Structures are given as structure tokens and as C-alpha cells.
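Report on the following structure.
Where a number appears in this text, it was derived from the coordinates with a stated rule and is not lab data. Since the model is a prediction, treat every value here as computed from it, not as a measurement. Cβ placement follows ideal geometry from the backbone for every residue including glycine, while neighbour counts extend to all protein chains displayed.
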Amino acid sequence: MKAESDKTLVNSGPYTLGEIREGTPCCEPVPHLQVRNLSVAYGQQSVLDNVSLDIFQGCITALIGPSGCGKTSFLSSLNKLIELAPAARLSGQVLFDGQELLGAPVDVLTLRRRIGMIFQKPNPFPLSIQRNLELPLKEHGVRDKQLRAHKIETALRDVGLWDEVADRLQASALSLSGGQQQRLCIARALVLEPEILLMDEPCSALDPIAAAVVEELIQRLRGRYTVVIVTHNLAQARRVANYAAFFWMKERVGKLIEFGQCQQLFETPGHALTAAYVSGASG
Amino acid sequence: MAKRGLEDASTAAGTIAERLFTLLVWGAAALVVAMLLWVLGDVLVMGLSHLSWEFIVAAPEDAGRRGGIGPILVSTLLILLVALAAAVPLGLAVAVWLAEFTRRGGRFANSIRLTLDVLAGVPSIVYGLFGNAFFSLYLGLGFSLLAGGLTLACMILPVFIRTCEAGLSMVNNDWRRGALALGMSRTSAIWHILLPAAAPAIVAGLILGIGRATAETAALIFTSGYVDRMPGSLLDSGRALAVHIYDLSMNVSGGDGAAYASALILIGLIVVLNTLAQWLAERWLSRRILNS
């Protein structure tokens, strides 16, 4: 039983731990998540209307648009964290590797292991650095201490934190700087070997230097993980993303205006609203 | 009468008002400290002469005029143990339910909160009567340490629950979402992250509870009784320290010295227990921060 759960953890997902692969073409247009006619409402208040798009495997997809247009609601629909808001109502379809997430009952604990999430404000637990990574591993059945230690080291190396914290793994995670905390949170998600990472403005609470480090890290995740990132920083979206989705408020409801390859969306937008937003004329 | 300059007058008046106000707040603070020091000093001066190791361990004789308070200390600690053993798990569970499992503004949860707040203000003598009717008579526990401890548990529960609930609600919501986003179950999130993070509030609730329970008299007279023998089991009647002090100072002429010495021990006991609670909680916390 124990061994089995370890095994499923190690073998799940198409990726194995190792050097993060870089290089272009970084992703293939194989849909990892297919969103069809997704609408989100909180009680009577509709926040997102009829969004359909594909999230491609190994690619970085940026969600851009002004505040309040439903990007975060969209993001947290993908790992069903939106269910924390009791009034949240979802309709439509989200297919993850072909499996329906919204209509059918889903094991959310496994879902959230496979689809990790990074928040705007770094949220390391008020525990030691090591325990921050160990807790989720234990939770998902990795009982072997050595295996855990190995996974923890790998995750910390992946986010470039190992050399900075190797000698103080027992120190409180809250003693790290903001940028280090955010990288620890990314490591905490990566340690579970997810397939998809959802990032909700992961750099916006960091100072410019720390933000640049995290951005570089996100670049390096390309190919190995499917990344969906909400960002208000258009230059960042342009730098990191392969695909971009532009959301806008229409009649106080968030809508997807345009979705496509990032470069295309920025350089030859197909919609007047997109053109105005990416040129800085609106929003 | 010569008109004084506007500036002068206001400055002068301002200075006087300011000085008065400063004097007032300093005076108020000093008064509070003085009252505490007076009580402590009084207890120390009157009690210290009566205090000895013999007094702490020996059984009382001649209605407490002579001898010591050994059995009474044991009864007090046993009653407290029963009270905490009942109140802490139950209280934590209710606090977790209130803070984590109820909708904000839900009617049922709010009515429970209101009930708890009212119960927190109910005089302890009422708890004593309830404990006597329910634990001693209805459940047939009679006058016993168990009945007394359970009555105290009822008494300290409301404040303990509300303090713990407040502590849990103040835990950073980012941690809650972070834990769930990692695919952790709600139970693990509560157990491994939220409760340790709320530990300072839980300790505060515990200290309030211990203080109130240890100092309680009225609720215990009707429930654990006032037999001053060494208790043989939790179903024996036993006299709590506060009951002993009350008895010595009200009913026993010539018992004042022993009453003061007992009061001194009671104060010492509360200090020791609070320090212990704090130390245990810190150890628990650091064990969780450091790898368990």
C-alpha cells in the first residue's frame, strides 16, 4: 500500500526529475487543459462568461487584462480551488488530459498535486524550510525519508535555492527574503512533481531583482511543466509566454477577448481592444 | 484686568491640561500596580511566616489551623487536571468547527457564538448549582473531584473556545489556501499548519482557563465538596485550595495565618502552571518548526 502510493507519485506525469530542459521550440501544441464555455459566478454576480481556450503542454500561457476581469477566477477554476468560495458557481467544461474536471466528481487532493499553484504573495508555512517541503510530500504518501530528502534537494536545486539554504534547512521559512520565499513556494509545488503550474502574479509582490530571478526561473520551467501565469506586467508576459489570453470586462463580466500565440497577440492583435490594451492606450 | 496675549493664554492652559492629563494616566497606572503590590505584599507578609515544606505536604489538623495543605493541593491539581482534560480537546474541536467549518455569518454558528459569550459571563455560583444538579445528582457522581472538574470544564469552555476561535480566524488565509492548493486535506492543514500557527492564542485561552479554574470557589463547594482528606480516587470528594482559603478565613477563627499561607501557595501555583503552559506550547511549536 505504502510502496504503491510512492510509486504512483514517482511515476505519475510525463516528466521525471532532472535538469530542467531549456530551448526552443519549447512546447508543442498538444492541449493539456481544454477549457470549454467556462462561466464563473459568485452567487448572482457573474464574473467570467463563456471562456474557451486550450492550454498547451509544456508551454507558458499568460493571462493578461485589467484587474477584476476574472483572470484569477479562471486560474483557480483549473485546480478547483475556487470551490473554497462557497458561493462560487461554475459551468462549462474543463478537460485535463481528456478527463472532465467540473461535472464529474474529482479527487481534488490528487488534482491539486498534479496541478500546483503559486500565489501572488509568497505564502511559505510558518515552519522550517525543510518542513515546508516535507509536509506536502508526507501528505501525498512519500514515507521513505531518504526519498523525501532527495526530492527536497532536487526541488530546491530546481529553483536555485539549494546553495542558499542547504546549511539552514531547519531555519524558519519566514526568515527568508521575499524572493527566496516565493522560490521556496515554487519548490514546494515542484516537489510534488506536478504537471501543470498555475501562477497568480508570482512576481508582483517582489522587488525588481527578486522578480527577475523568479521570472528567469519560470522561463526555465518551460518544456518540463505546463505553466499558466496571470500577470499585469505586459513586458513580462511578452518575455516569458508562448501563448497569451487577453481578458476584458464587458458589461461588468469578464470575457476572453483574444487568445493566440504571444508574439502574434502583441504584434498583430486581432481585436481592437487587445490592440489598445497591449499598446498601453487602455486598461 | 489686563488682557493676556492669546498665545500666552492658550499655551498656559494647554500646559496645565497636559500636565493634569499626564498626571492622571500615570496615577491610574500606578494605582493599578499599587493594588496588585498591596495584595501580593499583604499575602507575602502574613503568609510567609506560616509557610514551610511541612505546610505544603502535611495534612490539615484542627480544621486547618495547624498542619498543612497536602491533600488539598492534590485535590486542587486533580480537579484542574479533570477540567483541562475535558475542556481542552472539546474546546479545540468546537473552536476548529467555528473557525474552519462554518460559513461566515451562518445563523447556527452565530447562535453558538452568542451562547458562548453569554455563558462566559454567567456567575460561577450558577455553574456550581448546575454542576451539582447535573454531575453530582443526575449523573450520580456525588460530591467528587470528577464532578468538580467537569463543572470547571463547563465554566472555562466558553472563554477557551472563543479565544482559540479568534486565534484560528486570525491565522493568515494565505496558508490555508496554500495548503489546500498543495492537495493537502483540510484535516492536515488544520493539524499541521493552522493549529500550530494559532498556538499563541490557544495558550492565552489555556492560561485564562487555568487561572479561573484554580481560583474557583463557588462552583466547587457544591460539586467537589470540602472534605480535606487525601482523595483516594476521582470519585472521592476533595477540597480545592480556594475553598480551603475561603473556609479558613470565613469559618475558622484563628485560621488566618494558614489562609494567608494557602493564598501564597495558590498564587505561586498559578504562576507555575502558566509558565508551564507557555513552555509546553513553545516546545510544541518549535518541535513543529524544527523537523518532527
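Computed quantities for the displayed model
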{"item": "Per-residue mean of C-beta atoms belonging to partner chains within 10 Å, peptide A:167-174", "result": "1"}
{"item": "The stretch B:56-289: relative contact order as a whole-number percent, Cα under 8 Å and 6+ apart", "result": "28 percent"}
{"item": "Mean-position separation - Cα centroids, the stretch A:88-154 and the stretch B:89-114, in angstrom", "result": "28 Å"}
{"item": "Ranked by how many other beta carbons lie within 10 Å on average, peptides A:184-191, A:221-228 from highest", "result": "A:184-191, A:221-228"}
{"item": "Expected 222 nm ellipticity per residue - DSSP helices of 4 or more, -39500 (n - 2.57), all of chain B, to 500", "result": "-22500 deg cm²/dmol"}
{"item": "Under the span-like rule (Cα at least 30 Å along the axis, Kyte-Doolittle mean at least 0.0), DSSP H helices of chain B", "result": "B:6-48, B:70-96, B:145-169, B:256-289"}
{"item": "For chain A, convex hull volume per residue from C-alpha positions, Å³", "result": "129 Å³"}
{"item": "Burial order of peptide ranges A:70-76, A:38-44, A:200-206 (average beta-carbon count within 10 Å, highest first)", "result": "A:70-76, A:200-206, A:38-44"}
{"item": "Modelled FRET efficiency - R0 51 Å, B:Ala34 with A:Leu102, Cβ distances, 0.05 increments", "result": "0.15"}
{"item": "222 nm mean residue ellipticity, helices alone, for chain A (DSSP H n ≥ 4; -39,500 (n - 2.57); rounded to 500)", "result": "-10000 deg cm²/dmol"}
{"item": "Simple spin-label estimate for B:Glu54 and B:Glu282 in nanometres, 7 Å along Cα-Cβ", "result": "3.8 nm"}
{"item": "Beta bridge orientation in the protein assembly as shown: antiparallel %, DSSP, nearest 5", "result": "60 percent"}
{"item": "Kirkwood Rh in Å, taken over the protein assembly as shown so that all alpha-carbon pairs contribute", "result": "28.5 Å"}
{"item": "Under 18 Å from A:Lys71, Cα to Cα: aspartates and glutamates that are on another chain or at least 8 residues apart", "result": "A:Asp49, A:Asp54, A:Glu83, A:Asp200, A:Glu201, A:Glu251, A:Glu258"}
{"item": "Relative contact order [Cα under 8 Å, 6+ residues apart], chain A, whole percent", "result": "27 percent"}
{"item": "The stretch B:167-276: relative contact order as a whole-number percent, Cα under 8 Å and 6+ apart", "result": "20 percent"}
{"item": "Share antiparallel - DSSP beta bridges, chain A, percent rounded to 5", "result": "60 percent"}
{"item": "Assigned charges on the beta-carbon of Lys, Arg, Asp, Glu; the protein assembly as shown dipole about Cα centre (debye)", "result": "660 debye"}
{"item": "Angle in degrees between helix A:208-221 and the longest Cα principal axis of chain A, rounded to the nearest 10", "result": "80 degrees"}
{"item": "³J(HN,Hα) computed for each position of the stretch A:222-236 - Karplus, 6.51 cos²θ - 1.76 cosθ + 1.60, integer Hz, glycine/proline x", "result": "4, x, 8, 10, 8, 10, 10, 10, 8, 8, 9, 9, 5, 4, 5"}
{"item": "Quotient of Cα Rg and 2.2 N^0.38 Å for chain B, N being how many residues it contains", "result": "1.30"}
{"item": "Between 0 and 90°, nearest 10: helix A:145-158 axis offset from chain A longest Cα axis", "result": "50 degrees"}
{"item": "Neighbour-limited loop hits for trypsin sites (Lys or Arg not before Pro), the stretch B:183-292 (at most 15 other Cβ within 10 Å; DSSP other than H, G, I, E, B)", "result": "B:Arg229"}
{"item": "Peptide-level mean, for A:41-50, of C-beta atoms on other protein chains within 10 Å", "result": "0"}
{"item": "Qualifying chymotrypsin sites (Phe, Trp or Tyr not before Pro) in the stretch B:185-292, DSSP loop, other Cβ atoms within 10 Å at most 14", "result": "none"}
{"item": "Average other protein chain Cβ within 10 Å of Cβ, residues A:112-121", "result": "3"}
{"item": "Beta bridges per DSSP with both ends in the stretch A:137-271, % antiparallel, nearest 5", "result": "55 percent"}
